[in-house]
Amino acid sequence: MTYIIIGNIIALIASLLMVISGIVKTKKKVLFYQTLEVGTATVAYAFLGALSGVVINAINVLRNYLAYKDKLNFIYKAFLTILSIALVLLFNKEGLVGLLPLIAIIIYLWSLTIKNIIKFKKLIIFLMILWVIYDFIVQNYVATIFDILTIFTNILSIITIKKDEKKSY
């Protein structure tokens, strides 16, 4: 029980870092705070014994670093995809649920070039649903709450964008 509490406290810190990344105004700062967030989340998942979460978030640190340095090209995406699959298959102890973070990272990694903001936000909603399921099952309740809030904020953002589009016609 102690590890669950510690893991959720660390997850709260990670979630707050993600909120900060949504407030800052430059891509570099967003990537900086998101890198801190996934690094912190890696530690939270370790306390929760959620090895797929540990693996995927550790790889996310590398992905964000490459994006921060503007080096996230096709070769690195392919490498990160293969690395993700190999490590999750090697360390996953959560069964099918442990594959959800893997599915999420691969889809997200290859969808970063989506230009249409509504399509991208819909994708984020779908990916966050995968994380809600995973986080709830591994008892990362704080992350589950923030995942749900992310889903709602993206839904509201889509509604706002669509209303603004109608006004501009």
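Coordinate-derived values only; no laboratory data. The shown structure was predicted, so the numbers you read here are calculated from the model rather than taken from an experiment. Neighbour counts are summed over all protein chains in view; Cβ atoms, including those assigned to glycine, are modelled from backbone coordinates with ideal geometry.
Starting from one equal scatterer on each C-alpha and no solvent at all, send me the Debye-based log10 I(q)/I(0) for segment 1-45 at q = 0.26 Å⁻¹, two decimals.
Relative scattering, expressed as log10 I(q)/I(0), comes to -0.78.
Going 7 Å from the Cα of Y65 in the Cα-to-Cβ direction, what parts of segment 18-43 have a backbone nitrogen less than 11 Å from that spot?
none
Given the Cα-Cα distance of Y141 and I114 and 0.36 nm per residue of separation, how much length would full extension add, in nm? Working shown, then result.
Numbers: separation 27, 0.36 × 27 = 9.72 nm, distance 3.02 nm.
Taking Y141 through I114 to full extension adds about 6.7 nm, to one decimal.
For segment 81-164, compute the orientation-averaged projected area of the C-alpha convex hull (one quarter of its surface), in nm². It would help to have the intermediate numbers written out before the result.
Working: hull surface 23.1 nm².
Here the figure is 5.8 nm², rounded to one decimal.
Grab the beta carbon distance between Y3 and I107, set R0 = 30 Å, and tell me the FRET efficiency rounded to 0.05.
On the way: r = 30 Å, r/R0 = 0.99.
Efficiency for this residue pair is about 0.50.
Taking the simple approach of a point 7 Å from Cα along Cα-to-Cβ for both I148 and D164, what is their distance in nm?
My value for the distance between the label points is 2.8 nm.
I need to check one value: relative contact order of segment 2-167, counting alpha carbon pairs closer than 8 Å and at least 6 residues apart, in percent.
Numbers: 191 pairs, mean separation 37.1, N = 166.
Relative contact order, segment 2-167: 22 percent.
When a/c is below 1.5 the answer is rounded, else prolate if a/b is larger than b/c, else oblate, so apply that to segment 33-117 with a ≥ b ≥ c taken from the square roots of the Cα gyration tensor eigenvalues. Before the final figure, lay out each step's value.
On the way: a/c = 1.87, a/b = 1.44, b/c = 1.30.
Judged from the Cα gyration tensor, segment 33-117 comes out prolate (a/c at least 1.5, a/b above b/c).
For the chain, what are the DSSP H helices with axial Cα length of 20 Å or more and mean Kyte-Doolittle hydropathy of at least -0.5?
On the way: long enough: 2-23 (32 Å, 2.24); 27-48 (31 Å, 0.51); 51-68 (25 Å, 0.99); 74-91 (25 Å, 2.33); 117-137 (30 Å, 1.90); 141-167 (39 Å, 0.60).
Counting only whole DSSP H runs, the qualifying helices are 2-23, 27-48, 51-68, 74-91, 117-137, 141-167.
Taking all pairs of different Cα atoms in segment 2-167, averaging 1/r and flipping that mean, what Kirkwood radius in angstroms comes out? Show your work: numbers first, answer last.
Values: mean 1/r = 0.0616 Å⁻¹.
Result for segment 2-167 stands at 16.2 Å.
So what is the calculated 222 nm ellipticity per residue for the chain, using -39500 (n - 2.57) for each DSSP H run with n of 4 or more, over all residues, to the nearest 500 deg cm²/dmol?
After summing the helix terms and dividing by residue count, I get -28500 deg cm²/dmol.
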